[in-house]
Amino acid sequence: MYHHLKLKAAAGLLSCGFFLFSEDMTSDVVPVEKSCTLQVREFELPQKEEEKLSKNIKFASFYSRFLQKKEHKALPEKGQEELLDLLAKEPDSAFLILFFAGEYQFARKEDKQRLAGKLEKIAGKNPGSFFLVSFTSDMLQELKKSEQSQALFEKSVPFIFRQNKEKKLAGVKKEFALYILQSLCRNYAGKKEYEKIILLLDEVYENDLFKEDLILLQFALAGRYFLYLSASDERKNFIFFWQKSLKEEAWDELEKTVALYRNAIRKKHEKKESIFPGEHRTAFQIFSKLEKYEDMPSSILLEEIFALPDKRASLLLLADEFAVRKKDGLSARVWKKLLNMPYFPENGTAFLVQSIKLQRAGNFHEAIQAQEKAYMAQPRNKRITMDLARLYAVKGRYKEGCKVLEAFFPDVDVLHLAASISRDCGETEQALSLLLQADLVMDRASIVPAGKKRNIPLTAKGEELSRFIYRQIQISLCAEKLQKYFLVEKHLKKLLASDPGNAVAMNFLGYHLACRNKDLPFAEKLIHLALEKEPGNYAYLDSLAWVKFRMKDFAGAKKTIDQAMEKAGKDEENIDVVILDHAGDIYFAAGKKEQALQYWKKALETYSPELDIDHILKKIHETAKSMEKKK
């Protein structure tokens, strides 16, 4: 319940939550004389020991734990009642508050509720006891009584100002007062009550309190920013048109708060103190949304680095800040500096991040070098290895890419990547072999011993299914290129068995059958089903036109190819060359030879590996020759 405390003064509370109850801690406790031991029946606290413990909260937590270890595990209800009476008389007793922290930790749920209720009453009557209020409010927060917790904090606020005027707010008391104000701002922010944040902090600053606390200043920034967003452009008085609008006034207040925040950071850096930039994400996010201040996060981080040059955390945040702002070149430079720092952990992850930044900046040469260092640091990391293989492939180093992947065979994802790289470098046979190996791995993985429920990944939804579809399509493409037509049909039918409504597979198989002039009625049915899934898909319309052409339905083929070209964009220069080639063949068969020549010639204007140029040239030559003879 104390994980959000950020003050050094909260060491006592942190002690309660974590190391107060550690069994190993009791051996480190300073031996305590019997005269100092709390007598449960008498409930007397020696004044000298009380003063000592009040000045040292950390020691008090150890002492409290020591007593619990030696004397008891949890007090009976009567014992607690008598100690609560003592706490009501001495509400600033650090020892008693930490003692009840121990009691609360050991208590059952119903006992926690009862104890919290008792402490709430005592804290409510003593709102100037800031340690007690902080502890009790956090206890109520853990029990999901946020309204009571907030009410306690709010009750303490006037006492903070009063004690400040009376010069009584100092030391630990002042630090817990600050914690109360921070907690109250956090509660208001969670409820989006930004006006309450501003009203509270205006009063805090008027009382000359905590003007340099960066956490409160961030709450002030957030409050001013959201009030600025919600402010209207209306003016208070239309007669005096030179007066500022509500939005303009809100902006002025926001700028004043930015100046206060920036000055507080400069003072910290002048003292060579860290601002712990990781705790300033709220402010940085606000600045990133304001054009005037979008460079401020980088400026603050650079200032932190100059003030504390050995602070790696600031460099990491600066690299991240540059990356968020899409300045990948600068981010990569910061990473380079980080990796050259002494004692920086040279692990694969660090080099991997640097490589990613360099890739985004377009510097692939240095990206490969960083990725190779990541690979050398963690050669068994699959992600690092796959990223290195991709980078090699980008730079045309295909064989090296496939080589580094071999260590992870037969991992299916790795086999897919190796096949993709092999196909890109023209090794279609090798790509097909790798894909078939991956398919075999998955087929075997789906078989479970008899008697157990069979979990079939081929019919699973989501990623597994998408990976299966990808593999079957890639196998079919490679097999078709190698003229292994039985594999094309086998794997497309396998895909459709697992995903019957897959439009891509239906169109692919239908078009494949049409090209081979095989089972044309079935091919036509498949493509019609694909068009039902994706009406108006010009690639599917082209396939249907080609089936009709093979079935000698030239009028139907011409009508369908016209629809395909209309959908694809008839006047576009980059229209699919295969469609243009088909259009030429269909128009020629329909007796439109001049238009057929136009489509074939247009197909030759754009290079495509799918196009048989010699065959088209032959068709153009023979058609032109036959037309001349008729003249």
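What the table below lists for this structure:
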item	result
Trypsin sites (Lys or Arg not before Pro) restricted to DSSP loop in the range 73-153 with at most 11 other C-beta within 10 Å	Lys73, Arg108, Lys144
Surface accessible to a 1.4 Å probe, per residue, for the residues of the range 490-629, Å²	54
Mean separation of Cα contacts under 8 Å (6+ apart) over length of the range 377-447, as relative contact order %	24
Span from the the range 366-391 Cα centroid across to the the range 476-504 one, whole angstrom	34
Cα-Cα over 31 Å, subset of Lys168/Lys272; Lys268/Lys289; Lys78/Lys174; Lys292/Lys373; Lys490/Lys533; Lys196/Lys357	Lys78/Lys174; Lys292/Lys373; Lys196/Lys357
Within the range 468-533: Cβ-based charge dipole about Cα centre, in debye rounded to nearest 20 (Lys, Arg +1; Asp, Glu -1)	240
Using a Förster distance of 22 Å, the FRET efficiency for Lys533-Glu566 (Cβ separation, nearest 0.05)	0.65
Stretch gain in nm, segment Asp424-Ser245, where the contour uses 0.36 nm per residue and the Cα spacing is subtracted	58.2 nm
Projected area, mean over directions - the range 493-562, Cα convex hull, nm²	4.1
Label-to-label distance, nm, for residues given as Ala259 and Ala555 (7 Å Cα→Cβ offset)	8.5
Å² per residue, accessible surface of the range 144-287 at 1.4 Å	54
Global form of the range 353-401, assessed from the alpha-carbon gyration tensor, a/c cut-off 1.5	oblate
Sites Glu110 and Lys192 - FRET efficiency at Förster radius 35 Å, r taken between beta-carbons, to 0.05	0.55
Share of carbon and sulfur in the accessible heavy-atom surface of the range 479-520 [1.4 Å probe, %]	53
Shape category assigned to the range 521-631 from the gyration tensor of Cα positions, a/c cut at 1.5	prolate
Simple spin-label estimate for Lys481 and Thr349 in nanometres, 7 Å along Cα-Cβ	3.8
Anisotropy class of the range 462-582 from Cα gyration tensor, a/c 1.5 cut	prolate
Spin-label model distance (nm) - Ser288 vs Lys601, 7 Å beyond Cα toward Cβ	5.6
Largest to smallest accessible area among Val258, Val353, Val504 [probe 1.4 Å]	Val504, Val353, Val258
Residues Lys490 and Lys399, FRET efficiency given R0 of 41 Å [Cβ-Cβ distance, rounded to 0.05]	0.85
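The values are calculated or read from the model by the stated rules, or taken from the named source; none is laboratory data. This one's a predicted model, so the numbers in the text were calculated from it and none came from an experiment. In this analysis, Cβ positions are derived from the backbone assuming ideal geometry, glycine residues included, and neighbour counts consider all displayed protein chains. With ligands, DNA and RNA removed, areas are computed over all heavy atoms of the protein, side chains included. Shrake-Rupley method; radii C 1.70, N 1.55, O 1.52, S 1.80 Å.
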